[in-house]
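Worksheet: one structure, shown below.
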There are 6 protein chains.
Amino acid sequence: MGMYDEQWSYLEKPKIEKIPPDLQAYFEENVRKQEEKLGVVNTLFHILPLNPIQFKAFLDFMYSLFNTKNTYLDLVDKEMIGLVVSSVNCCNYCLTTHSDTLRRLTKNPVWVDTLTYNYRSAKLTKKQRALCDYAFRATKYPDEITTKEVDLLREAGFNDHEILEASFVVGFFNYTNRWVSTIGAIPNPKHNQNQR
Amino acid sequence: MGMYDEQWSYLEKPKIEKIPPDLQAYFEENVRKQEEKLGVVNTLFHILPLNPIQFKAFLDFMYSLFNTKNTYLDLVDKEMIGLVVSSVNCCNYCLTTHSDTLRRLTKNPVWVDTLTYNYRSAKLTKKQRALCDYAFRATKYPDEITTKEVDLLREAGFNDHEILEASFVVGFFNYTNRWVSTIGAIPNPKHNQNQR
Amino acid sequence: MGMYDEQWSYLEKPKIEKIPPDLQAYFEENVRKQEEKLGVVNTLFHILPLNPIQFKAFLDFMYSLFNTKNTYLDLVDKEMIGLVVSSVNCCNYCLTTHSDTLRRLTKNPVWVDTLTYNYRSAKLTKKQRALCDYAFRATKYPDEITTKEVDLLREAGFNDHEILEASFVVGFFNYTNRWVSTIGAIPNPKHNQNQR
Amino acid sequence: MGMYDEQWSYLEKPKIEKIPPDLQAYFEENVRKQEEKLGVVNTLFHILPLNPIQFKAFLDFMYSLFNTKNTYLDLVDKEMIGLVVSSVNCCNYCLTTHSDTLRRLTKNPVWVDTLTYNYRSAKLTKKQRALCDYAFRATKYPDEITTKEVDLLREAGFNDHEILEASFVVGFFNYTNRWVSTIGAIPNPKHNQNQR
Amino acid sequence: MGMYDEQWSYLEKPKIEKIPPDLQAYFEENVRKQEEKLGVVNTLFHILPLNPIQFKAFLDFMYSLFNTKNTYLDLVDKEMIGLVVSSVNCCNYCLTTHSDTLRRLTKNPVWVDTLTYNYRSAKLTKKQRALCDYAFRATKYPDEITTKEVDLLREAGFNDHEILEASFVVGFFNYTNRWVSTIGAIPNPKHNQNQR
Amino acid sequence: MGMYDEQWSYLEKPKIEKIPPDLQAYFEENVRKQEEKLGVVNTLFHILPLNPIQFKAFLDFMYSLFNTKNTYLDLVDKEMIGLVVSSVNCCNYCLTTHSDTLRRLTKNPVWVDTLTYNYRSAKLTKKQRALCDYAFRATKYPDEITTKEVDLLREAGFNDHEILEASFVVGFFNYTNRWVSTIGAIPNPKHNQNQR
C-alpha cells in the first residue's frame, strides 16, 4: 500500500505528485528510520505532506528542541512536560505517541501512565515538580503568567538556558495539541502496546 | 551600543562569544533588514540568541508559515488569527508586535485595535469570522475540539490545505504566547506608534 | 506481610484491631476474590478500612451500580462513563484502575487508552457518544444542566431506567474522584500492565 | 392519592407493581418516619423507586455517612459541607432540602442562608472554615487537588478518620448534585418554609 | 444607638461629622422610609456614608432603574435578573436583600429561593427564561457576548427600550456584587425572615 | 446630520421627539463640551437617549466617580482599573474609549496599550499593582472574593475611602462592559488615533 492510501485524519489525503521529490524522499527516509528504530511509524507522515513544506519546517523545528546536542534540558524532562501540557489540553494523539516515547526512554510505564492522567500523583524530583507545575500553569492560565514563573524555576535549580528551553517546550506542545486535535489525527495503534 | 547590552526580558542577556559566528551573522542580517523595511527591530533578536540554535529554528519555522509563497492563506488572515489567539492568552508582546504588522498590511488601525480587544466587534467577512471563531475555541477550549471545527471551516469555504495551515497558525501563536509571557519579553516601544 | 502494613495513601494505615471482625472477614474475602479473578488487588482494601463501616457501605453502593443483574445499562458503557468523568477530574487512581477493568471487558486497550485521554477521539456508537457527552457536561458544567440532558439521552434511544442509572454512574465517579484524589491513593502498579 | 401519582421529575413515574414488595414496604416506612419526624417528605421517595434496588442502595449509603454513630464528624459540619458543595454546583434540590435539615439542626436560618449563598460570608470556626475551603476547592478544581488538602485539614485539627469522612461527604454531594439536576427533581415546597 | 455605631463591613465606620448635613438628612429620611415601608433597614445606610457623595449617586442611579415610572420592564423581572446575576457571582449580601424584595413583590418564597439557587429549576415564562439566560451568559461569559443576545431577546418579545434596560440591570448587579463582596457588607438579619 | 441619524449599535435609534426637551438640551451640551475639549464625541450620546432618563442617571453616576473633587483616588489609577476590568471582560468599546482618556491623562500611549493587553507587563508602582491585581480578581473570580482583598489594599497603602471607591470603580466597569457589549456599541473611530 502506498504511503498516502489510508485515511488517518479528517483531512484529504496527500497526493504524492504534489509533493516536491526531495521532500518526498526526505519523508520516506524518516519513515524508514522510525520503523527501524521504533518499530512504529508516526501517522503524521501520512497526513501532513498535504502541506509538504510546512511539514518539513515542523520537523526541523521539533528536532531543534528534541535532539540531544545543542539542547539544555534532559530529554525525559521535556517529554514529561509534553505529557503534562497534552493532558491539560486533552490531546489524544500527543498523549498516545509521547507516552510511547517516554516509556522507551524510562522503561517505566507506570510513571508514564501517571503523567498522562495527573502529574500530581507521579513521583517527581523537586526540579521535575517545578517543571510540571510551570507547564500546567502556563498552559491552563496563560493570561496569569507573571515574573514568578522564572523565579520559581530558578529557585528549583534551573539556569536561564534551561528556562528558555522549558518555555519553548511548553509552547511547542500547546502548538501541536491544537492542530492535531483539529485535524483529528489518529495515532498509530502500535504506540499503545509499545514499550509496555 | 552592542546588540546584547540592553535588558529586554527577565532572562540573562546573550553573550556574543557564545553564539556561533554564522548564526550571529544571520541574526545581524535579519536585524538590518527589519530596520530597513519596518523601521523597528523586534526585541527577540536581543533576547533569544541566549539559545542561538533554537532561535534560528524558531525563525525558520515562523518563516515557513508567514512567507507568501508555499502558503495557502492570506497573510492578513493569519495575522488576524494571531491577534485573536494572543488576545485570549493576553500576551502583551505578541499583541503589540503583530498589531504593528497588521496595521502595515491593512492600513486600518481601527480594525486592528478592535481585533486586539474583541474580534466579535470587528467587521469581518464570513470566512474571516469562521477563522476567528475557530481560533478562539481551539485556544480557549482545546479539550472540546471536535470534528465540527473542520466542517465549519469547510462550510465557510476553506480547502484542506488552508484548514491545515490555519490550525498550524492557531498553534503557532499558542506556542509563542507561552514563552513570550514567561520570559517577560518587552516589545520595542516603536511598535506602538508605528503605522498609526 | 499484613494487609495494612504498607502505606498506600497520605492517611494513616488502618489498625486491624479497630476493625469489627465480621467486616475484616468480609474485606479479606473480597481481596481473595479479586486476586483470584483479576490477579490484582485494589489498594483501597489497604486504605479504607480506616473507616470500616463507611468502606463497607461504599462497597455495597458500588456493587448496586456495577453488578449485572438489577441494572439497566451495559457494564462496558458504565465503565466508559467512568473514564470520561475521571478524565475531566484528572483522577489518576480511577483512570488507572477502571481502564484495567475496561480492558478486561473489551479486550481493546487502544480504545480504552483513547477514552482516558479524550473520548472525542474514540470510536463510539451514537448511543455511547450521547452518554459520553452527557457525562462530560454534567461533570464539568454541573450548574448548566438543563432539561436538555434527559431529552438528548432519550433521543439517543435510552429509556428512563437507563437514564436514571446513567446519572447515578456519572455521580458515582464524581464522588470517588474527589476522595481518591484527596487521600492520595496509589493504585496497584499491576493495573497498568494488566490486560495489555 | 397514591405514592407515585404525582410528577416530581422529568422521568416517568415509578409503577408500584414493578417494585419488589419488601422494598415498597421499606420505602413506605421511610416516608411515614419522615412525615412524623420532619413534617415533610422528600420527593425522592416519589421518583427514585423507578430503579428500586439502586434507590435502596443509595439510602443505605447515605445513612452510613449521616447517622450519628460510627461516624466521626459532627452532623452540622457535614450538612454545612453539603451546602458548600451544592452551592458550587448550583443544585436547587439539594440546597432546598439540606438547608431545611441544617436549619432544624442549628435553629439558625440566617447562618444557613449564608452558606447557600457564599460560605465566605458566614461566621465559621477555624475548623469549619478549613472544611468549607476544602469542599470548595475539591468540588470546583478537582484536577488541582494536591497533598496540601490533607495537610491543611490536619493543621486545622482534624484526625485522619475525620478527613477520610470529610472527603467522602464532599464526594457524596458531588454525586447527588449530578443526578438530581439531571432528572429535574422538584423539592417538596414545604422545605422552604420549614424551620424558618 | 447612633446610625454609625455598629460595624457592618470590613471598612471603618462613617463619621457623622464628615457627612454634609443635607446628605445626612437625606440618608436619615431614606432609613425612616425603609423602616416604615419594609420593616427592615438596609445596612448599606450604615456603611456607605463613608463616601457620602458617591453613596448618594449610587442611590440616584439605582432609583433610576428600579422605580416604576420611566422604566420599561416589570419590577419582578428586574429583581429576578438581580438574583440570577448575584447567584453567578455568589454575592451573599445581594442575594439576601433582593430575595426579600422579590418575596415582597411576588408573595412566592419558594420561587424566590429557587432563583437564588439555580434559575433553571424555577417556573418561568418564555420571556422570563430569555431574560435569565441572557443574564447568566452576560455575567459569566462577558467576553463571548455576540449579536445573538439582542436577537434572542427580541425573539422572546422584548422591545429595544426593554433590552437596553435589561442590559443595564444585568450590569447594575455586576457592579453591586463586586463592591458588596469586597467590603464584606453584612446584610440585616431581618431580611432572611421577612416575607416568608 | 441630526444627532440620532446614524446607526451606532444593534438597537433602534433614539427618536428626538421622545426625549424630554430638558434632557435633550443637556445631552447636546455634553456633546458640545466633548467636541471642544476632546475633539471626539462618545457615540453613547447617539445611542443611549433611547432610554433618556436612564442615560441621564448613568451620566450622573459616572461623574460622581470620575470627577476630581469629592473623590479619593487618582484619576489615572481609576482609568487604569477601567482598562484592567474591560480587558478581562474583552469589551471593545470600553477599551477603545478609555485608552483614549488614559493617553490624554498620561501622554504615555505605550503604557496604556500595555494595560489593554495585560497589566502584568506594564510598569506599575506597588500601589498600582495592588489595584490592578484586585481589579482582576474581583472581575474574574467574584465568587472567591475574601477579606484578603481589603487587607491587601490596606497593606499597599490605601485608606478605607480609597478602597471603597476602588471597589465602586471595579464595579462600574463590570456594569458598563455588560451593556456596551450587549448592545454592540461602536466606538467613535477618532478615539483610536487620538493622543497617539
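Got a sec? Which of C:Val169, C:Val112 is more than 10 Å from chain D (Cβ to nearest Cβ), in contact with a Lys or Arg (Cβ under 7 Å, 6 or more places away or on another chain) and assigned to a helix (DSSP H, G or I)?
On the way: C:Val169 fails: more than 10 Å from chain D (Cβ to nearest Cβ).
One residue alone meets the criteria, C:Val112.
Given the conditions (1) hydroxyl-bearing (Ser, Thr, Tyr); (2) out of contact with any Pro (no Cβ under 8 Å at 6 or more places or on another chain); (3) farther than 24 Å from D:Phe55 by Cα, and given that C:Thr97 satisfies all but one, which numbered condition is not satisfied?
Looking at each condition in turn, C:Thr97 falls short on (2).
Please go through the stretch E:145-162 and give me each residue that is open to solvent by less than 50 Å² (accessible area, probe 1.4 Å) and either aromatic (Phe, Trp, Tyr) or more than 7 Å from every other protein chain (Cβ to nearest Cβ) (or both), ordered by number.
Listed by number, the residues that qualify are E:Leu153, E:Ala156, E:Gly157, E:Phe158, E:Glu162.
Which residues, counting only those in the stretch B:29-52, are within 19 Å of B:Ser9 (Cα to Cα) and assigned to a helix (DSSP H, G or I)? Outline the logic, then answer.
Of all residues in the stretch B:29-52, those within 19 Å of B:Ser9 (Cα to Cα) come to B:31, B:40-52.
Scanning the stretch B:29-52 gives B:Val31, B:Leu44, B:Phe45, B:His46, B:Ile47, B:Leu48, B:Pro49, B:Leu50, B:Pro52.
State which residue is nearest to C:Lys148 (Cα to Cα) when the search covers only the stretch D:1-50 and only residues that are touching a residue at least 60 places away in the same chain (Cβ under 8 Å) and more than 14 Å from chain C (Cβ to nearest Cβ). Working first, answer last.
So in the stretch D:1-50, the residues touching a residue at least 60 places away in the same chain (Cβ under 8 Å) come out as D:8-11, D:38-44, D:47.
From what's left, more than 14 Å from chain C (Cβ to nearest Cβ): D:38-43.
Values: D:Leu38: 33, D:Gly39: 33, D:Val40: 30, D:Val41: 27, D:Asn42: 24, D:Thr43: 22 Å.
The selected residue is D:Thr43.
Would you check if there is a residue in the stretch B:177-186 being within 22 Å of B:Thr96 (Cβ to Cβ), assigned to a loop (DSSP other than H, G, I, E, B), within 10 Å of chain A (Cβ to nearest Cβ) and open to solvent by less than 20 Å² (accessible area, probe 1.4 Å)?
Filtering the stretch B:177-186 down to residues within 22 Å of B:Thr96 (Cβ to Cβ) leaves B:177-186.
From the residues that got through so far, the ones that are assigned to a loop (DSSP other than H, G, I, E, B) too are B:184-186.
Now restrict to residues that are within 10 Å of chain A (Cβ to nearest Cβ): B:184.
When the remaining residues are screened for being open to solvent by less than 20 Å² (accessible area, probe 1.4 Å), the result is B:184.
Yes, there is a match, as at least one residue in the stretch B:177-186 is within 22 Å of B:Thr96 (Cβ to Cβ), assigned to a loop (DSSP other than H, G, I, E, B), within 10 Å of chain A (Cβ to nearest Cβ) and open to solvent by less than 20 Å² (accessible area, probe 1.4 Å).
Please state which one of B:Ala57, B:Ala25 is farther than 24 Å from A:Gly171 by Cβ, assigned to a helix (DSSP H, G or I), open to solvent by less than 80 Å² (accessible area, probe 1.4 Å) and not assigned by TED's automatic domain parsing to the domain that holds B:Arg104.
Numbers: B:Ala57 fails: farther than 24 Å from A:Gly171 by Cβ.
Of B:Ala57, B:Ala25, the one residue that is farther than 24 Å from A:Gly171 by Cβ, assigned to a helix (DSSP H, G or I), open to solvent by less than 80 Å² (accessible area, probe 1.4 Å) and not assigned by TED's automatic domain parsing to the domain that holds B:Arg104 is B:Ala25.
Check D:Gln128 against each of (1) crowded, with 24+ Cβ neighbours inside 10 Å; (2) farther than 19 Å from E:Tyr93 by Cα; (3) more than 8 Å from every other protein chain (Cβ to nearest Cβ) and name the one condition it does not meet.
Only one criterion is unmet by D:Gln128, namely (1).
Output the residues belonging to the stretch F:66-99 that are within 10 Å of the chain's Cα centre (by Cα) and within 14 Å of chain E (Cβ to nearest Cβ).
F:Phe66, F:Lys78, F:Ile81, F:Gly82, F:Val85, F:Ser86, F:Tyr93, F:Cys94, F:Leu95, listed by residue number.
Assess whether C:Leu105 counts as being part of a helix (DSSP H, G or I), free of Cβ contacts under 8 Å to residues at least 40 places away in the same chain and over 17 Å from the mean Cα position of the chain (by Cα).
Values: part of a helix (DSSP H, G or I): yes; free of Cβ contacts under 8 Å to residues at least 40 places away in the same chain: yes; over 17 Å from the mean Cα position of the chain (by Cα): no.
Taking the combined requirement at face value, the residue does not satisfy it.
Conditions: (1) among the acidic types (Asp, Glu); (2) surrounded by fewer than 19 Cβ atoms within 10 Å (Cβ to Cβ); (3) assigned to a helix (DSSP H, G or I). C:Asp77 meets all but one. Number of the miss?
(2)
So which residues in the stretch D:51-96 are without any contact (Cβ under 8 Å) to a residue 24 or more places away in the chain and farther than 30 Å from C:Asp160 by Cα?
Passing the criteria: D:Asn67, D:Thr68, D:Lys69, D:Asn70, D:Asp74.
Just for the stretch B:60-73: of the residues that are part of a helix (DSSP H, G or I) and out of contact with any helix residue (DSSP H, G or I) (no Cβ under 7 Å at 6 or more places or on another chain), which one is least open to solvent (accessible area, probe 1.4 Å)? Step through it out loud before you land on a result.
Residues of the stretch B:60-73 part of a helix (DSSP H, G or I): B:60-66.
This time we only want the ones that are out of contact with any helix residue (DSSP H, G or I) (no Cβ under 7 Å at 6 or more places or on another chain), so: B:62-63.
Values: B:Met62: 44, B:Tyr63: 87 Å².
Among residues in the stretch B:60-73 that are part of a helix (DSSP H, G or I) and out of contact with any helix residue (DSSP H, G or I) (no Cβ under 7 Å at 6 or more places or on another chain), the one least open to solvent (accessible area, probe 1.4 Å) is B:Met62.
Taking the stated definitions as given, is D:Phe173 crowded, with 22+ Cβ neighbours inside 10 Å, at pLDDT 95 or above and within 25 Å of D:Thr71 (Cα to Cα)?
Numbers: crowded, with 22+ Cβ neighbours inside 10 Å: yes; at pLDDT 95 or above: yes; within 25 Å of D:Thr71 (Cα to Cα): yes.
Spelling it out, D:Phe173 is indeed crowded, with 22+ Cβ neighbours inside 10 Å, at pLDDT 95 or above and within 25 Å of D:Thr71 (Cα to Cα).
The values are calculated or read from the model by the stated rules, or taken from the named source; none is laboratory data. Computed from a predicted model, the values in this text were never measured in an experiment. Ideal geometry is used to build each Cβ from the backbone, glycine not excepted, and the neighbour counts take in all protein chains shown. With ligands, DNA and RNA removed, areas are computed over all heavy atoms of the protein, side chains included. Shrake-Rupley method; radii C 1.70, N 1.55, O 1.52, S 1.80 Å.
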